[in-house]
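A quick write-up on the structure given underneath.
The values are calculated or read from the model by the stated rules, or taken from the named source; none is laboratory data. Predicted model, so just to flag it, every value in this text is computed and none were measured. Here the Cβ is made from the backbone with ideal geometry for all residues, glycine too, and neighbour counts use every protein chain on show. Areas reflect the complete protein model, heavy atoms only, side chains present, ligands, DNA and RNA absent. Shrake-Rupley method; radii C 1.70, N 1.55, O 1.52, S 1.80 Å.
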Amino acid sequence: MTRTTIATIAAIVALAPIASISAPSHVMSKKVGISAKAGATMVSPSWMKIDAPNKSVHFDIKMAENANNGTLNFNGYGHGDLTITVPLNWKVSMDVVNIGQGAIPHSLEIVPVTEAIPSQGSEPPVFDGAETVELINGLGIGKSDKVEFTAGKEGHYWMFCGVPNHGIGGMYDNFVVSSTAAMPTVRISGHAAK
């Protein structure tokens, strides 16, 4: 890694707490009832397409979509403020693109939740196929990949950027596979929902 890259990552991580946070404009929202996490908002984003008869869901995931969290974000969210829930055994596809607002590479991998945030991605992902190419080096600006897998194991996971130190900087969100969910859902919590 070059000094410039290390300095850029350090600056992003240092500025993350003071970065401007706002919900992306392509999200329609409604408040969730008492059963949801306090302050959580259920959304119907334009980037989620559900095919219920075929038990499949498609997500358009934009990495570094905006300046939120110093550009370390998925569709504008980081630090676990986004929660995607998918029913058990549904097929998941994701078109993942690095929009490049921060001019640095990013990747995506579904990983187990751990007590400490990993410093980088690791093989294998939780589900076969649940990662982008160039996991550690990341996809360059404007580069994309298609991720396809079956959500075959119930649990709480992270949608995580595998590029070194991006996860530690907050580039992770929640990915839940539920045996009780009837349909995929997206929820926003924390400061990003305001």
Contact list, first residue from the range 61-73 and modelled with pLDDT under 95, second anywhere and of a type in the set (Asp, Glu), beta-carbon distance below 7 Å, six or more apart or interchain, is none
One residue is enough: does the range 134-144 have a residue meeting the conditions free of Cβ contacts under 8 Å to residues at least 40 places away in the same chain and within 19 Å of residue 80 (Cβ to Cβ)? no
Given the condition modelled with pLDDT of 95 or more, of a type in the set (Gly, Ala, Ser), part of a loop (DSSP other than H, G, I, E, B) and surrounded by 20 or more Cβ atoms within 10 Å (Cβ to Cβ), answer yes or no: does some residue in the range 96-105 qualify? no
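For the range 44-95: of the residues being among the acidic types (Asp, Glu) and surrounded by 21 or more Cβ atoms within 10 Å (Cβ to Cβ), which is farthest from residue 152 (Cα to Cα)? Spell out how you get there, then give the answer.
Step one: list which residues in the range 44-95 are among the acidic types (Asp, Glu), which gives 51, 60, 65, 81, 95.
Among the residues that remain, those that are also surrounded by 21 or more Cβ atoms within 10 Å (Cβ to Cβ) are: 65, 81.
Values: 65: 29, 81: 24 Å.
Restricting to residues being among the acidic types (Asp, Glu) and surrounded by 21 or more Cβ atoms within 10 Å (Cβ to Cβ), the top hit is 65.
Taking strands (runs of 3 or more DSSP E) that fall entirely within the range 117-192, which contain at least 2 residues that are open to solvent by 20 Å² or more (accessible area, probe 1.4 Å), at pLDDT below 95 and hydrophobic (A, V, I, L, M, F, W, C)? Outline the logic, then answer.
Values: elements: 144-150, 155-160, 172-178, 185-188.
Per the criteria, no element qualifies.
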